[in-house]
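A.B. asks: Here's a structure for you.
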Amino acid sequence: HPEVKPGERGHAPRLTDRPQKLLVFWDTEQPAQKGPDKKQVADGVQFILDHIAQGDVIVHCHAGKSRSTAIALGALALLHADK
């Protein structure tokens, strides 16, 4: 979540031993000024595509029901477009 400080609920852990991509935006079902833009979504999907061949990729958000799911499904759709 935007504006969440380290140690507070909703703050993503920072990795030091592997690549990490942090996308910070509010989750909303309505258009919002602090919602994701197309570049953020494309960057998140591309990060998965760039790293999945090296092993597992963790996609995480605070609630785990729409932001992370949407990014993961976007990557899976591209990875398995033939199915």
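A.B. asks: Note down the net charge around L49, summing +1 for each Lys or Arg and -1 for each Asp or Glu among other residues with Cβ under 12 Å from its Cβ.
C.D. replies: -1
A.B. asks: From the phi of every residue in region 47-60, what ³J(HN,Hα) in whole Hz does the Karplus formula 6.51 cos²θ - 1.76 cosθ + 1.60 yield, where θ is phi - 60° and glycine or proline is x?
C.D. replies: Here the 3J(HN,Hα) series is 4, 4, 4, 6, 10, 5, 5, 8, x, 4, 10, 8, 10, 9 Hz.
A.B. asks: If I48, I58 are ordered by their accessible area, calculated over protein heavy atoms with a 1.4 Å probe, which sequence runs from highest to lowest?
C.D. replies: Largest to smallest exposure gives the sequence I58, I48.
The values are calculated or read from the model by the stated rules, or taken from the named source; none is laboratory data. As the structure is a prediction and not an experimental result, all values here were calculated from the model. For neighbour counting, all protein chains shown are included, and Cβ atoms are generated from backbone atoms with ideal geometry for every residue, glycine included. Calculation scope for accessible area: heavy atoms of the full protein, side chains included, ligands and nucleic acids excluded. Shrake-Rupley method; radii C 1.70, N 1.55, O 1.52, S 1.80 Å.
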